[in-house]
């Protein structure tokens, strides 16, 4: 069953959203490693939606849809921003980008989740973590 939350474009709202998903995953018996990966990826995805997508505009919201079952957790995050091209984000591990504070969130999301995809317009992130 898919559950939905709409949160304000403020970083304080991220914790409430994370807790809802993590509580459901823990209830279903997901181990600490999976819970950590889910938390980290959600935090990065939601923070990016608030900061880069909605540009901290308090009039804009972030939509979070999630489904937790015994095999996987599916998380979808949508912002109301202009979007972006995820392929245009510089590689944060390249020498010329090591001191730049951008791109690390997407890199972490891809590293910790089993499936990651973005909508064509860059306003919708879908992440899947399989139970291990």
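Details
- Filter result for the condition that a residue is part of a helix (DSSP H, G or I), in contact with a strand residue (DSSP E or B) (Cβ under 6 Å, 6 or more places away or on another chain), farther than 17 Å from residue 108 by Cβ and at pLDDT 95 or above, over 67, 19, 24: 24
- For residue 92: the one exception among (1) surrounded by 15 or more Cβ atoms within 10 Å (Cβ to Cβ); (2) within 16 Å of the chain's Cα centre (by Cα); (3) at negative phi: (2)
- Taking the listed residues 23, 3, 100, the one that is within 18 Å of residue 127 (Cα to Cα), more than 13 Å from the chain's Cα centre (by Cα), surrounded by fewer than 16 Cβ atoms within 10 Å (Cβ to Cβ) and free of Cβ contacts under 8 Å to residues at least 24 places away in the same chain is 23, with no other qualifying.
- Taking region 109-132 as the range and being under 17 Å from residue 85 (Cα atoms), in a helix (DSSP H, G or I) and touching a residue at least 24 places away in the same chain (Cβ under 8 Å) as the test, only 109 passes.
- For residue 43, the conditions (1) surrounded by 17 or more Cβ atoms within 10 Å (Cβ to Cβ); (2) touching a residue at least 40 places away in the same chain (Cβ under 8 Å) all hold with the exception of (2).
- So residue 75, is it within 27 Å of residue 22 (Cβ to Cβ), touching a residue at least 24 places away in the same chain (Cβ under 8 Å), in contact with a helix residue (DSSP H, G or I) (Cβ under 7 Å, 6 or more places away or on another chain) and surrounded by 15 or more Cβ atoms within 10 Å (Cβ to Cβ): yes
- Across region 93-108, the qualifying residues are those that are more than 21 Å from residue 42 (Cα to Cα) and in a helix (DSSP H, G or I), and the one among them that is modelled with the lowest pLDDT is 97.
The values are calculated or read from the model by the stated rules, or taken from the named source; none is laboratory data. In this text, all values refer to a predicted model and were calculated from it rather than measured experimentally. No Cβ is skipped: glycine too gets one built from the backbone with ideal geometry, and neighbour counts run over all protein chains shown.
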